[in-house]
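Undergrad: I'd like to ask you about the structure that follows.
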Amino acid sequence: MWIGIGFCGLRYYQASIAAGAVAYQPSPHLRHALDRLRDAFLATEQIIESFNAGNQSTTPNVQAPRFPLVINSDDDFARIRSELSRVDHERQQLKESIVSRFETFVKSIEEKLHAYAAVLQSSPSPTPATTQNLISNATPSPTSREQSLFSSQLGTSNANERNANLKERKEFLKVLAAKAENADNRVILGEAADQLEHLAKLLPERFDASTAAQPDTTTAASKNPRLEQDGKILPSERVARQLEKLRGGVRQMLLTSWTLDDTFEQVADLDSAERDKYRAAILAQKSIWLSATSRIVIGLFATGFVSLLIVVFADLVQTQLDTATSSGTVADAINALRGSVAHLSESEPMISAEEETHIAGGS
């Protein structure tokens, strides 16, 4: 039994060492990435809050992400997953807040143009209108900014291209405002153009003369706000569609390639990888303990079986020894009895002779 208990204890000790060797170790890279995400979120919130305060826009109420200090359990990874989901939702709210006023102006003009086109289509003879290609080659002057919403991976050429496109769209809206007959529409289009000017300040203003002077002509058709010249579409409908494309282009240029986006993607990838490592470590530990438990159980059964055999054989031997001892005692008793009988047999003739002598003398 002691040998079996010692074997089971040794297997348990070996299993504990093996399980500790494959246990999940918290990743410092994930910890640093979470810290960078928190810092990027706070910096983004400060920039957007400052921009919205000067732009008469409302900044949504957001909270800085809070991540567990130690990440080594399912609960910790669940908290990170929940916090990342909240951060993703709030960063989208922050993005929407900076373009909400611009899109409100442009959408109002789009709705009016669609309504006007519907009225013209219902009339018997709509009057066509002519439009011009509205492109501006003006280039903004470079200024320095300490902080930016955009990632450092956004190259100088890309930044120049985005600024030039926003400049073109701003001039496009100004020309539309100048041609608008309704005073309210002129004011709205002018406000939308001013919004683009404010939004352009969020872009990283790093310019190079050579790249700014040579725009990419391969995508000019998709970048420049040109009006479609389709005779089957009313001018108001064409302008409405162009404004819709303009809104999409502005969102693409202003709401992508943020530092917060890059940091968030890095954290999401690291979190997924570390979660997989944690699950693999847990499975390895379970496999080690299952193997050790099976061997320990087998050892205990073997110990009990061998102990039972030993007890049974010990009982048999004891029984045999007891039988032998009893047989010896019986043999000694028999021998003693035989000796006493023989002694009595020898003494009987002597007694008879004395009796005969006594009898004879008496007679």
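The values are calculated or read from the model by the stated rules, or taken from the named source; none is laboratory data. Everything numeric in this text was worked out from a predicted model, so none of it was measured. Note: ideal-geometry Cβ built from the backbone for every residue, glycine included; neighbour counts use all protein chains shown. When the accessible area is computed, the model is the full protein with side chains, heavy atoms only, and any ligands, DNA or RNA have been set aside. Shrake-Rupley method; radii C 1.70, N 1.55, O 1.52, S 1.80 Å.
Undergrad: Can we say residue 42 is hydrophobic (A, V, I, L, M, F, W, C), open to solvent by 20 Å² or more (accessible area, probe 1.4 Å) and not in a helix (DSSP H, G or I)?
TA: no
Undergrad: Restrict the check to region 228-243 and report whether at least one residue is over 21 Å from residue 115 (Cα atoms), surrounded by 12 or more Cβ atoms within 10 Å (Cβ to Cβ) and modelled with pLDDT of 50 or more.
TA: Looking through region 228-243, none of the residues is over 21 Å from residue 115 (Cα atoms), surrounded by 12 or more Cβ atoms within 10 Å (Cβ to Cβ) and modelled with pLDDT of 50 or more.
Undergrad: How about region 147-191: which of its residues are of a type in the set (A, V, I, L, M) and either within 14 Å of residue 204 (Cβ to Cβ) or in contact with a Lys or Arg (Cβ under 6 Å, 6 or more places away or on another chain) (or both)?
TA: If the condition is that a residue be of a type in the set (A, V, I, L, M) and either within 14 Å of residue 204 (Cβ to Cβ) or in contact with a Lys or Arg (Cβ under 6 Å, 6 or more places away or on another chain) (or both), then 149, 154, 159, 164, 166, 177, 180 are the ones that fit.
Undergrad: Given (1) at pLDDT 90 or above; (2) open to solvent by 80 Å² or more (accessible area, probe 1.4 Å); (3) over 30 Å from residue 80 (Cα atoms), where does residue 266 come up short, assuming only one miss?
TA: Going through the list (1) at pLDDT 90 or above; (2) open to solvent by 80 Å² or more (accessible area, probe 1.4 Å); (3) over 30 Å from residue 80 (Cα atoms), residue 266 breaks only (3).
Undergrad: Of the conditions (1) modelled with pLDDT of 90 or more; (2) under 22 Å from residue 151 (Cβ atoms); (3) among the hydrophobic types (A, V, I, L, M, F, W, C); (4) assigned to a helix (DSSP H, G or I), residue 67 satisfies every one except a single condition; which number is it?
TA: Here residue 67 meets the rest and fails (4).
Undergrad: Here's another thing I want to ask about it. State whether the residues of region 12-23 include one that is in contact with a Leu (Cβ under 6 Å, 6 or more places away or on another chain), open to solvent by less than 40 Å² (accessible area, probe 1.4 Å) and touching a residue at least 40 places away in the same chain (Cβ under 8 Å).
TA: Within region 12-23, none of the residues are in contact with a Leu (Cβ under 6 Å, 6 or more places away or on another chain), open to solvent by less than 40 Å² (accessible area, probe 1.4 Å) and touching a residue at least 40 places away in the same chain (Cβ under 8 Å).
Undergrad: Still on this structure, I have one more. Any residue at all in region 267-280 that is among the hydrophobic types (A, V, I, L, M, F, W, C) and out of contact with any helix residue (DSSP H, G or I) (no Cβ under 9 Å at 6 or more places or on another chain)?
TA: yes
Undergrad: I've got another one for you. Any chance you could count how many residues in region 26-52 are over 30 Å from residue 195 (Cβ atoms) and in contact (Cβ under 8 Å) with a residue 40 or more places away in the chain?
TA: Number of matching residues: 8.
Undergrad: Right, next: Output yes when any residue across region 8-15 is of a type outside the set (Lys, Arg), under 30 Å from residue 307 (Cα atoms), in a helix (DSSP H, G or I) and in contact with a Gly (Cβ under 9 Å, 6 or more places away or on another chain), and no when none is.
TA: The first filter runs over region 8-15 and keeps only residues of a type outside the set (Lys, Arg), leaving 8-10, 12-15.
Applying the additional criterion that residues be under 30 Å from residue 307 (Cα atoms) yields 8-10, 12-15.
So of that shortlist, the ones also in a helix (DSSP H, G or I) come out as 8-10, 12-15.
Going one step further and asking which of them are in contact with a Gly (Cβ under 9 Å, 6 or more places away or on another chain), we end up with 8.
Yes; the residues of region 8-15 include at least one that is of a type outside the set (Lys, Arg), under 30 Å from residue 307 (Cα atoms), in a helix (DSSP H, G or I) and in contact with a Gly (Cβ under 9 Å, 6 or more places away or on another chain).
Undergrad: Just to check your reading of the model, which residue among 321, 309, 337 is part of a helix (DSSP H, G or I), surrounded by 10 or more Cβ atoms within 10 Å (Cβ to Cβ), among the hydrophobic types (A, V, I, L, M, F, W, C) and under 57 Å from the mean Cα position of the chain (by Cα)?
TA: After ruling out the rest, the residue left standing is 309.
Undergrad: Within region 79-107, can you find the residues that are among the hydroxyl-bearing types (Ser, Thr, Tyr), under 21 Å from residue 249 (Cβ atoms) and open to solvent by 30 Å² or more (accessible area, probe 1.4 Å)? Reasoning before the result, please.
TA: Step one: of region 79-107, the residues among the hydroxyl-bearing types (Ser, Thr, Tyr) are 82, 85, 97, 100, 104.
Cutting the leftovers down to under 21 Å from residue 249 (Cβ atoms) gives us 97, 100, 104.
If the condition is that a residue be among the hydroxyl-bearing types (Ser, Thr, Tyr), under 21 Å from residue 249 (Cβ atoms) and open to solvent by 30 Å² or more (accessible area, probe 1.4 Å), then 100, 104 are the ones that fit.
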